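Asker: Provided herewith is a single structure, encoded as structure tokens, for subsequent inquiry.
The values are calculated or read from the model by the stated rules, or taken from the named source; none is laboratory data. Not measured: the values here are computed from a predicted model. Don't worry about glycine lacking a Cβ; one is built from the backbone with ideal geometry, like all the others, and counts go over all protein chains shown. Note: areas computed on protein heavy atoms with side chains; ligands, DNA, RNA excluded. Shrake-Rupley method; radii C 1.70, N 1.55, O 1.52, S 1.80 Å.
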Amino acid sequence: MAEVTLAGISKTFGQTGAVDNVSLTIRDGEFVVLLGPTGAGKTTTLRLIAGLEAPDAGRITIAGRDVAGAAPATRDVAFVFQQYSLYPHLTVYENLAFPLRSPARRLHDAEIDARVREVAKMVRIDHKLQNRSTRLSGGEMQRVAIGRALVRKPAIYLMDEPLSSLDAKLRAELRLELKRIQNELGATLLYVTHDQVEAMTMADRIGILAEGKLVQIGSPREIYSNPANLHVAARLGQPHINLLPQGLLPGCNAPAGTKTIGARTEHLEISASTPGNAEIDWIEHLGDQNHLHIKVGEHKLVTLADPYLAIQRGDRIDLKLRNPLYFDAGGQRLT
Amino acid sequence: MSSATSAHSVVEPSATTKRIAGIIVVLYAVITMVPLAWIFMTSFKSPPDSISYPPKVVFTPTLEGYCNLFTTRTRQTPEYIQSLGPPQSICDEITRSRNMVIAGPSNYWPRFTNSMVIAFGSTFLAVFLGTLAAYGFSRFRVPLADDLMFFILSTRMMPPIAVAIPIYLMYRELGLSDTALGMILLYTAVNVSLAVWLLKGFIDEIPREYEEAAMIDGYTRLQAFRKVVLPQATTGIAATAIFCLIFAWNEYAFAVLLTSGSAQTSPPFIPTIIGEGGMDWPAVAAGTTIFLVPILVFTILLRKQLLRGITFGAVRK
Ligand SMILES: Nc1ncnc2c1ncn2[C@@H]1O[C@H](COP(=O)(O)OP(=O)(O)OP(=O)(O)O)[C@@H](O)[C@H]1O
Ligand SMILES: [Mg+2]
């Protein structure tokens, strides 16, 4: 395991800028998640580190070594692809053994066998080792794909939305497993996703990518409670952050220049009151909690409420802000 | 039936539909098989039976056609034939009954061997070169790739015979006339364009992530190509090989023009059998029957790949 640094990396494809001046250090043993919408340049960033693309500008070092011009095979990275992960003509066992059989490594068969079985157990696929890789369920395929990276002990694991094709339950399961495995191995891992829950639950640090730029990087807590701008704030939080014009609701003491106020559930205080300044427009029952849709004049808000809150559609309420987030006209955060 | 049976329904076809489809397929098969069956039957007829009218469907089979195919014979007086010892083989016996003796082997096997060497040699070369070229076009940014691909295809736009004269003159200058090497090069040149186009389609369908994964895992591009791309391209390669082989095996025009002796292939040779002693249709039919065998075997061996190949990768897995 090793430290990986990107310094001012840029990459364009013809007219489209994919990655724009990204600098980032992934410390030894750290789990960094890059979070961004589709087309943000997440995959391209990983491919640049792996050597599948060459950057137009910038420097990449892996374990202190500048890898400019180095072939992918010599960079000592492992990659889990977004899709097409398994070799269809090989069994699960052969898929897992494939990286170990590479001419660059030349391990003994016994050594390979031991490693394959160990990893198969780790990703819980040891009962299907002899299956054709095309005869697996989506979740099993993804385990094997992750396993194929784990059989090696590279400087860094690069994972490109490895869980995105799975259903919610499996995703939650594998999320935990992956975090557990990373802890056990003390692995350095750069993980790419557009799923904020994955980012929040697994990351030591989250990097927010938007249109090729690294907008903010920090611990999940920092990113959540101290977003640098509107874009970052909008990426995290369920339900989405409510963006309101300054002055709509009472209870804030906005710094000068505030244009927009960002209010998540924890920034809103509700009390039943007539006439009040807001009205319950709709209630979505999710079981463990409710989504309240609230109307304030022209504006609509969504917030969470616990299911015991005695409130109904059409009720009038008093809505107050409590330490919300303030943004200026350009969307930058004000404190 | 129900509304679910729309134009795009994936419902099993009804029994009647299946039966009608079956009848059509069988009819078509019969129509295409009749000439083949005819040739096969003729090869076992005696020369008089082979030209009798109306044609005989029931006849006494004889190996005369095959004997005549493989041998050259000379006419002798009955007295001379009487004076010989007992016949050495069935062919000996048949030949003597026609007042002839076997003079030696015919040129059939040497010509057949030429066909094998030239057809398989050029097929191998065309598929080998085609696979590499197709991989290159599929995976790398080749300057003017589209124009090059069009140029490669354009070599197939005119009938090959249109360039026969220039090639004839060229080959005479280069000393390639009537050589196996010359024919292999020629058929390779004709087939490689087909091979590049077919194989590019197949290789385009193999996601490049597979090779990239292998390259990250410590393989060079060439090793990744061999271990990951080739195994997945076997379907396409097999289908391409059959198309190339069928062309090279059956090619007649160039073969007539460019080969006459030592490198002559079967297609120009078989018709010459007729000349050796009258209308020897059974011998011609025997030559044709044997000529069909290699393609038949090759096609049967690769039929699964061929079937998939004809759909051009539409149904993978
Ligand atoms: N090989 C390529 N050729 C041309 N443009 C490309 C290429 N690869 C990526 N791009 C472009 O670069 C931008 C970033 O792409 P990238 O694949 O990195 O996005 P991503 O964040 O991984 O998105 P997703 O979540 O959909 O996977 C996109 O606009 C994409 O169209
Ligand atoms: Mg991507």
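Asker: How far is the Cα center of region A:148-165 from the Cα center of region A:68-109, in Å?
Answerer: If you average the Cα positions of each part, the centres end up 11 Å apart.
Asker: Show that you can apply the helix-only estimate: for chain A, add -39,500 (n - 2.57) for every DSSP H stretch of four or more residues, divide by all residues, and state [θ] at 222 nm to the nearest 500.
Answerer: -7000 deg cm²/dmol
Asker: Related question: Treating only the Cβ of Lys, Arg, Asp and Glu as charged (+1, +1, -1, -1), what charge dipole size does region B:109-310 show about its Cα centre? Round to the nearest 20 debye. It would help to have the intermediate numbers written out before the result.
Answerer: Values: 13 positive and 13 negative charges, 70 e Å.
Once rounded to the nearest 20, the dipole reads 340 debye.
Asker: While we're on this one: Please report the buried accessible area for the interface of B with A, total over both chains, probe 1.4 Å, in Å² to the nearest 100.
Answerer: Numbers: alone 18830 and 16140 Å², together 33110 Å².
So the buried area, both faces added, is about 1900 Å².
Asker: Return the residues of region B:202-219 for which accessible area with all protein chains present is lower than in the chain on its own by 20 Å² or more; set the probe to 1.4 Å and exclude ligands, DNA and RNA.
Answerer: When all protein chains are present, B:207, B:209, B:210, B:212, B:213, B:215, B:216, B:217, B:218, B:219 each give up 20 Å² or more of accessible surface.
Asker: Calculate I(q)/I(0) for region A:1-149 by the Debye formula, one identical point scatterer on each C-alpha and no solvent, and give its log10 at q = 0.10, 0.15, 0.21 Å⁻¹ to two decimals.
Answerer: -0.43, -0.90, -1.27
Asker: Right, here's the next one. Distances longer than 17 Å among the Cα atoms of region B:47-106: what percent of all pairs is that? Walk me through the numbers on the way to the answer.
Answerer: Details: 770 of 1770 pairs.
Tail of P(r) above 17 Å: 44 percent of Cα pairs.
Asker: In whole angstrom, note down how far apart the Cα centers of region A:169-203 and region B:213-251 are.
Answerer: 38
Asker: Moving on. How large is the charge dipole for region A:242-334, taken about the Cα centre, if only the Cβ atoms of Lys, Arg (+1) and Asp, Glu (-1) carry charge, to the nearest 20 debye?
Answerer: Magnitude of the dipole: close to 280 debye.
Asker: Quick one: Debye curve from the alpha-carbon atoms of chain A only, equal weights, vacuum; give me log10 I(q)/I(0) at q = 0.08 Å⁻¹ to two decimals.
Answerer: These q points yield log10 I(q)/I(0) values of -0.48.
Asker: Rounded to the nearest angstrom and ordered from largest down, what semi-axes does the equivalent ellipsoid of region B:137-208 get from its C-alpha gyration tensor (root of 5λ)?
Answerer: 30, 13, 11
Asker: Follow-up. Quick check: the angle from helix A:109-122's long axis to the longest principal axis of chain A, C-alpha only, nearest 10 degrees?
Answerer: Roughly 20 degrees between the two axes.
Asker: Here's another thing I want to ask about it. Return the lysines within reach of residue B:45: Cα separation strictly under 21 angstrom, same-chain partners fewer than 8 residues apart disregarded; answer none if there are no such residues.
Answerer: B:56
Asker: To continue, here is another question. Counting alpha carbon pairs within less than 8 Å and at least 6 residues apart, what relative contact order, in whole percent, applies to region A:4-235?
Answerer: On the way: 426 pairs, mean separation 67.9, N = 232.
Here the relative contact order equals 29 percent.
Asker: Please report the carbon-and-sulfur percent of the accessible area for region A:257-335; probe 1.4 Å, protein heavy atoms only, DNA, RNA and ligands left out.
Answerer: That share works out to 47 percent.
Asker: Something else: Identify unpaired cysteines across chain B, taking unpaired to mean no other cysteine Cβ lies under 4.7 Å from the residue's Cβ.
Answerer: For chain B, the answer is B:244, because their Cβ atoms have no other cysteine Cβ under 4.7 Å.
Asker: Roughly how many percent of the accessible protein surface of region A:4-235 is carbon and sulfur, given a 1.4 Å probe and a whole-percent answer?
Answerer: Details: 4710 of 9450 Å².
Here carbon and sulfur together make up 50 percent of the probe-accessible area.
Asker: Any idea what angle helix A:138-150 forms with the longest principal axis of chain A, computed on alpha-carbon atoms, 0 to 90 degrees, nearest 10?
Answerer: 60
Asker: For region B:166-315, what % of the accessible area comes from carbon and sulfur atoms, probe 1.4 Å?
Answerer: 70
Asker: Compute the Kirkwood hydrodynamic radius of region A:179-335, taking the inverse of the mean of 1/r over all pairs of distinct Cα atoms, and give it in Å to one decimal.
Answerer: Averaging 1/r across every pair of different Cα atoms and inverting gives 17.2 Å.
Asker: Are there residues in region A:67-86 whose accessible area shrinks by at least 40 Å² when all protein chains are included rather than the chain by itself, and which are they (probe 1.4 Å, ligands and nucleic acids not counted)?
Answerer: A:72, A:73, A:81, A:84
Asker: Next question. So with the 1.4 Å probe, I'd like the accessible area per residue for the protein assembly as shown, rounded to whole Å².
Answerer: With the other protein chains kept in place, the protein assembly as shown gives 51 Å² per residue.
Asker: Among the listed pairs A:300/A:320; A:11/A:213; A:11/B:227; A:259/A:300, which have their C-alpha atoms separated by more than 23 angstrom in this model?
Answerer: A:11/B:227, as the Cα separations exceed 23 Å there.
Asker: I would also like to ask the following. Above 40 Å lies some portion of the pair distances; for the protein assembly as shown, what is it as a whole percent of all C-alpha pairs?
Answerer: 56
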